[in-house]
Amino acid sequence: MSVTEDKQACIIGIGQTDLCRKPGSGMTQLGIQLKASTEAIADAGLRGRDIDGIMPFPNLGHAEAFAANLGCENLRYASIIHMGGAAPCASLQAAGAAVTTGMAKHVLIPAGWNGYSGARVKQTVSQDTASIPGGAIARDFYLPFGLTVPPQWYSLMARRHMHEYGTTAEQLGCIALAMRKHAQLNEAAVMHGKEMTMEDYLASPMLADPYRIFDCCIETDGAAAVVVTTVERARDLDKKPIRILGAAAGQPYPADEITNRKDIFQTGLTIAAPEAFATAGVTPSDADFAMIYDCFTFEVLQQIEEVGFCKRGEGGSFVEGGRIELGGDLPINTHGGLLSEAHLLGMGHIVEAVRQLRGTAGERQIADAELGVVTGWGDFGDGSIAILSN
Amino acid sequence: MSDYTLPLPELDGLHGEFFAHCKNHALHFQRCDDCQTFRHVPREMCPECGSWNWSWQPSSGRGKVFTWTVVARPMHPAFVDACPYAPVVVEMEEGVRLLSEVVDVAPADLEIDMAVEVQFDDVTSDVTLPKFKRA
């Protein structure tokens, strides 16, 4: 969709809570998300009553409850995009459309949970298959054989990639190490102060071979939120708008069943990325950084390929030699990501991209960052992408 | 009463029909009567040609290992004692893929493209699961 500059969507406020595992946040799931939301609203220079659109994360809250707590008396637009960890970037796309067309003026997108102290993924996804699309398929055709949780689903693809393209454990390790290295520059990161070497990585026990423990994101308590409005509206506010140049979402085919895809590496991002770049009028090589949804190491490698940062099969060599670390050609997840900062469901990736584009990323600031790519990944490979610029 | 403790499929709808064939120790997949395309998991319509006409057709039972994972740490309480075990994706001669297990190959000895054939495991009086052995 072509829009005038005035009507272009932008992120005007960000918020993020403290992050922790033990002893837990001490807040409810709604409470911790409200905390991040109030920060994002205040950061935007707005008040609760200004928020007239809310897009909660799937299965983690209702717009009605957010509105009732935040004093959103004029809620006009409320929807949830059921794409798991792809929801935040997909919500940026939808919120952008909502503000551009006037369906809402200021859309709040919160995400957060007590992912450590509350119900753990192995208790939710594994034992409540109804919480995922394709739930009856998982219940009847996966669960009887013990395929129960995301690292097991996706490791099926990782092994196939290793077979077809020679991708190695050490290359997956490069991704884990880059995230951990970045977390050392982020005092808020749960893995701050806990460095990791390749030896540490390779020695970590297998969880779902080829995934070791250190290939897997950390389960944490925390929340983050953003507020989306138009560039025109942002002129009346204090913060520099971070423009959403292009955003798109997509699904693999079939999206509800992970084993019968003709092209097992095709994800929603394969469809979404070209659309977002076309809308933005830029190419992957224009990006100064990328925030890639890093639920597991291989998913980073796969998304690097499907975004088009390199060709299919070249992701393994792409991540070697520090290319994805700060100082490299394409720094990825400068905050430490889901692997080493905290599992903020992908919203932390958007917040970090805004920090980089505002120039407020502190020690981990990328000099002159102007254009960033953020991705999301969820369920059986749903994908989303947002291309942001200052 | 069965002492089988692992999760079982529910036996309703098209999924139930699939497992009813398994109970008879026959592996059947849906095949479109119009374009002849096999499909799995069961679907109402043919996603290839849009046809509603289909029938259950016997599989050769032969396939090859497409990919697998080895669950080293249990993430579901029912599978605590089963670790390590390997959920395996088998690509059947008919072109469809099926998640199952290979009962006579240790997880460490699995190989991509390993030839396997179906066998049936009557895990309870109601449910039979299609599993595989090395061909």
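List of remarks:
- Under-5 Å amide H pairs with B:Thr67, H placed in peptide plane, nonlocal only: B:Val89
- Buried area at the B-A interface (accessible, heavy atoms, 1.4 Å probe, summed, Å²): 3400
- Residue-wise HN-Hα coupling along the range B:5-20, computed from phi with Karplus coefficients 6.51, -1.76, 1.60 (Hz; x: Gly, Pro): 10, 7, x, 10, x, 7, 9, 9, x, 5, 4, x, 5, 4, 6, 5
- Listed residues A:Val307, A:Val149, A:Val373, most fluctuating in chain A (Gaussian network, C-alpha, under 10 Å): A:Val149
- For the range A:1-64, the solvent-accessible area works out to 47 Å² per residue, with a probe of 1.4 Å and every protein chain left in place.
- Between B:Asn24 and B:Ser2, the simple spin-label model (points 7 angstrom out along Cα→Cβ) gives 2.0 nm.
- Across chain A, C-alpha contacts under 8 Å between residues 6 or more apart give a mean separation that, scaled by the residue count, equals a relative contact order of 26 percent.
- Within the straight-line cut-off of under 27 Å between alpha carbons, the lysines reachable from A:Lys122 are A:Lys22, A:Lys35, A:Lys194, B:Lys131, sequence neighbours fewer than 8 places apart in one chain being disregarded.
- Gaussian network model of chain B, Cα within-10 Å springs - most flexible of B:Phe29, B:Phe79, B:Phe19: B:Phe79
- For the pair B:Ala115 and A:Asp18, label points projected 7 Å from Cα toward Cβ lie 6.3 nm apart.
- Candidate cross-link partners of A:Lys262 among the aspartates and glutamates, defined by an alpha-carbon separation under 15 Å and a same-chain spacing of 8 or more, comprise A:Glu164, B:Glu48, B:Glu91, B:Glu93, B:Glu94.
- ³J(HN,Hα) computed for each position of the range A:171-186 - Karplus, 6.51 cos²θ - 1.76 cosθ + 1.60, integer Hz, glycine/proline x: 5, 4, x, 4, 6, 4, 5, 5, 5, 5, 4, 5, 5, 5, 9, 10
- Probe 1.4 Å, accessible area per residue of the range B:13-134, Å²: 44
- Under a 5 Å amide H cut-off, with hydrogens placed 1.01 Å from N, A:Gly246 pairs with A:Ile387 among residues at least 5 apart or on other chains.
- Carbon and sulfur %, accessible surface of the range B:44-135 computed with the full protein complex present, 1.4 Å: 45
- Rounded to 0.05, the FRET efficiency of the B:Arg62 and A:Asp368 pair, given R0 = 60 Å and the Cβ-Cβ distance, is 0.50.
- Dividing the mean sequence gap of close Cα pairs (under 8 Å, 6+ apart) by how many residues the range B:13-134 holds gives a relative contact order of 23 percent.
- Positive dipole terminus of chain A, leading residue within A:Ala178, A:Ala272, A:Ala130 (C-beta point charges): A:Ala130
- Between 0 and 90°, nearest 10: helix A:268-280 axis offset from chain A longest Cα axis: 40
- Between helix A:297-307 and chain A: long-axis angle, C-alpha atoms, 0 to 90°, nearest 10: 60
- Helix-only [θ]222 nm of chain A, DSSP H runs n ≥ 4, -39500 (n - 2.57) each, per residue, nearest 500: -9500 deg cm²/dmol
- Applying the Karplus relation 6.51 cos²θ - 1.76 cosθ + 1.60 with θ = phi - 60° to the range A:340-350 yields 3J(HN,Hα) values of 9, 8, 5, 8, 9, 6, x, 5, x, 5, 5 Hz, where x marks Gly and Pro.
- By the rule of a C-alpha distance below 12 Å, with chain neighbours fewer than 8 residues away ignored, the aspartates and glutamates paired with A:Lys105 are A:Asp50, A:Asp52, A:Glu232.
- Estimated inter-spin distance, A:Asp238 and A:Asp286, nm [label 7 Å along Cα→Cβ]: 3.2
- Cα gyration tensor category, rounded, prolate or oblate, for chain A with a/c compared to 1.5: rounded
The values are calculated or read from the model by the stated rules, or taken from the named source; none is laboratory data. All values derive from a computational prediction rather than experimental measurement. Because the Cβ atoms are built from the backbone with ideal geometry, glycine has one as well, and the counts that use them run over all protein chains shown. Only protein heavy atoms, including side chains, enter the accessible area calculation; ligands, DNA and RNA are left aside. Shrake-Rupley method; radii C 1.70, N 1.55, O 1.52, S 1.80 Å.
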